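The block underneath contains the structure these notes are about, expressed in structure tokens.
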Amino acid sequence: MNASFSQKLKKGAEIGAACAAAVGLQLFLIAPGRATKRQKAPFYGRSFAHRGLHSEDKSVPENSLEAFRLAAAAGYGAELDVQLTKDGQVVVFHDDTLDRVCGVHARVDEKTWNELRLLRLCGTEQRIPLLTEALAVIRGKGPLIVELKNGKRNRELCEKTYAILSEYEGQVCIESFNPMIVRWFRFHARDLVRGQLATTVKDYGDSTSKLTAFLLSRCLLNFLSRPQFIAYRVGYRPLPVHLSEALGAMRFGWTVRNERHERRRDAVIFEFYRPPLKIK
């Protein structure tokens, strides 16, 4: 073996080791958490009404008690969003601000519960519900996905939401776009199945830095929270997301609006059409 061939062999070995290390690092970053068959069973193959079974014409508003009643009556699961009021109540509402749904220019967390309960949703008689009120309407008739919204008091939101869910007798899991919220449940609520919400880089817009959006879009922060499912926006999913799913993460899709997007999903979060109660 001449010196030149020996040097090439050594260089090849170094490149191979570097590639293996890079692959190993990516697998470490994206690896999901483990969920037992018993934990997966209530959610696997199910259809979840996005913000309840609300209507496109807004006659049944999103995240309203009527939307949750209709979802439960139809046998669907439901998905809802929670955040804190100024005085620390856990309410069901999606947007940070009240403009779009209530026609009021203010943030939800700037208002007390007594102030918020006077408002109406989308011009109907429906009002913003407490999480406890939504749970009382659903009453365990279908599985539930609770999305925790990112805010200034995330730890308080996690603690209060979990305290409420601990008293609920139905099947429930949690999800969030913020991996640190999902991480809190990894270490403080191991009994609950947890999921990472994600979408493509452009969809994060100005809500975060481009680097953070890149990492989130590819689930490269899974090592923080080890989510047991990934809820990804329907459409293109980057390779690391597919790899995480191949490693065992359940594949949830949002927001599904036709049968075509039900394919190759383990659960769907849908709106404005009626999928089967179970897609699998």
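The values are calculated or read from the model by the stated rules, or taken from the named source; none is laboratory data. Fair warning: this is a prediction, and the values are worked out from it, not measured in the lab. Here the Cβ positions follow ideal geometry from the backbone for every residue, glycine too, while neighbour counts run over all protein chains shown. Remember, those area values only see protein heavy atoms, side chains included, never the ligands or the DNA or RNA. Shrake-Rupley method; radii C 1.70, N 1.55, O 1.52, S 1.80 Å.
For a Förster distance of 35 Å, can you work out the FRET efficiency between the beta-carbons of Thr36 and Arg100, rounded to the nearest 0.05?
For R0 = 35 Å, the calculated efficiency reads 0.35.
What's the extension gain from Glu115 to Asp203 if we count 0.36 nm per residue and subtract their Cα-Cα distance?
28.5 nm
Below 8 Å, C-alpha to C-alpha, sequence gap of six or more: please give me the relative contact order for the range 173-235 in percent.
Once normalised by length, the contact order is 41 percent.
Plugging the Kirkwood radius over Cα pairs into Stokes-Einstein for the chain, at a temperature of 10 °C and a viscosity of 1.306 mPa s, what D comes out in µm²/s?
80 µm²/s
Using 0.36 nm times the number of residues separating Lys278 and Thr124, minus their current alpha carbon distance, what extension gain do you get?
Working it through step by step, the gained length comes to 52.3 nm.
Just need the relative contact order of the chain here, percent rounded to a whole number, with Cα pairs under 8 Å and 6+ apart.
It comes to 22 percent, rounded to a whole number.
To the nearest 20 debye, what charge dipole does the range 126-173 have about its Cα centre, counting +1 at the Cβ of each Lys and Arg and -1 at the Cβ of each Asp and Glu?
Here the size comes out at about 220 debye.
How long are the semi-axes of the ellipsoid equivalent to the range 76-199, from square roots of 5 times the Cα gyration tensor eigenvalues, in whole Å, largest first?
23, 17, 13
What value, in deg cm²/dmol to 500, does the helix sum -39500 (n - 2.57) over DSSP H runs of n ≥ 4 give at 222 nm once divided by the residues of the chain?
Using -39500 (n - 2.57) per qualifying helix, the result is -10500 deg cm²/dmol.
With a 1.4 Å probe and every protein chain left in place, work out the accessible area per residue of the chain in Å², rounded to a whole number.
Normalised by residue count, the accessible surface of the chain is 50 Å².
Suppose R0 equals 25 Å; then what is the FRET efficiency for Leu25 and Glu156 from their Cβ-Cβ distance, rounded to the nearest 0.05?
0.15
Against the empirical 2.2 N^0.38 Å scaling, what ratio does the C-alpha Rg of the range 139-265 come to?
Rg over 2.2 N^0.38 Å, computed on Cα atoms: 1.05.
Using a probe of 1.4 angstrom, how much of the accessible area of the range 135-280 is carbon and sulfur, in percent?
That share works out to 52 percent.
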